[in-house]
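Coordinate-derived values only; no laboratory data. Just so we're clear, the structure is a prediction, and the values are computed from it rather than from any experiment. With ideal geometry, Cβ positions are generated from the backbone for all residues, glycine too; neighbour counts draw on all protein chains shown.
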Amino acid sequence: MPLNLSKGEGISLNKVAPSIQRARVCLGWEENIGGQDFDLDASAFLLAPNGRVKSDQYVVFYNQLATPERSVVHSGDDLTGGGGGDCEILTVELTQVPQDVDRIVFTVTIHNAEQRRQTFGQVSDAYIRLVDDDSGVEVLRYDLATQATQATAMSFAELRRDTRNSSWQFSAIGEPRDGGLMGLCQAFGVNVN
């Protein structure tokens, strides 16, 4: 039985999955508007202690499916989403994440949100879950309550390195963001020239 987190809660993976080496971070959602296509995109930003990406190679999304050392790998872009189950998956090799990466922030954005007049207020049943890739066991889950937000991007959760005991902590964020993927890239220091 997975541990369900609420917004703002976090827990050390040492407590709930002490032997985990490879985590699947699975994101899913449903759209509230019948018949209208939504294209939601999961991304991961690998951040240094200063809160900015280690380099532009450390944002994983539909156009850059892996970090150089493949510590984070994206399953690929699901252009339709919905339909129940996981829509997009990011696999994290916890022992391969570079030591100068302090945390990994998992986000979801709505592709072409402004042109399509779409927001997270039109999305329901959004969740993020962490699965032990070796055992297939779901360890943690966070069900996002969007509360009819007008945001076009969402910081769902993060993995933060705990240097005191060489482990990782998973935290539920659930923070609406503006500006879509471009806004997130700018906020996390990605070069978007």
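Mean residue ellipticity at 222 nm, helices only, the chain: -1500 deg cm²/dmol; runs of at least 4 DSSP H residues each add -39,500 (n - 2.57), and the sum is divided by the number of residues. Considering only Q115, Y142, T95, the residue lying farthest towards the positive end of the dipole of the chain is T95, judged by Cα position with unit charges set on Cβ. Calculated FRET efficiency, R52 to D162, Cβ-Cβ distance, R0 = 22 Å: about 0.60 to the nearest 0.05. Ignoring the sites themselves, the chain has its longest run without trypsin sites (Lys or Arg not before Pro) in a DSSP loop having at most 10 other Cβ atoms within 10 Å at 1-116.
Place a point 7 Å from the Cα of V16 along the Cα-to-Cβ direction; which residues of the stretch 164-182 have their backbone N under 17 Å from it? What the label zone holds, given the 17 Å backbone N cut-off, is 167-175.
Considering only DSSP beta bridges with both partners in the chain, what is the antiparallel share in %, to the nearest 5?
In the chain, DSSP labels about 95 percent of beta bridges as antiparallel.
Annotation for the stretch 42-58 versus the stretch 100-124: alpha-carbon center distance of 16 Å.
A Förster radius of 22 Å combined with the Cβ-Cβ distance from R116 to N63 puts the calculated FRET efficiency at roughly 0.70. Computed over the stretch 3-187, relative contact order equals 29 percent, with contacts defined as Cα pairs under 8 Å that lie 6+ residues apart.
From the gyration tensor of the Cα coordinates in the chain, what semi-axes in whole Å does the equivalent ellipsoid have, largest first, with each one equal to sqrt(5λ)? Could the numbers behind the result be given before it?
Values: eigenvalues 126, 75, 42 Å².
Working through the eigenvalues yields semi-axes of 25, 19, 15 Å.
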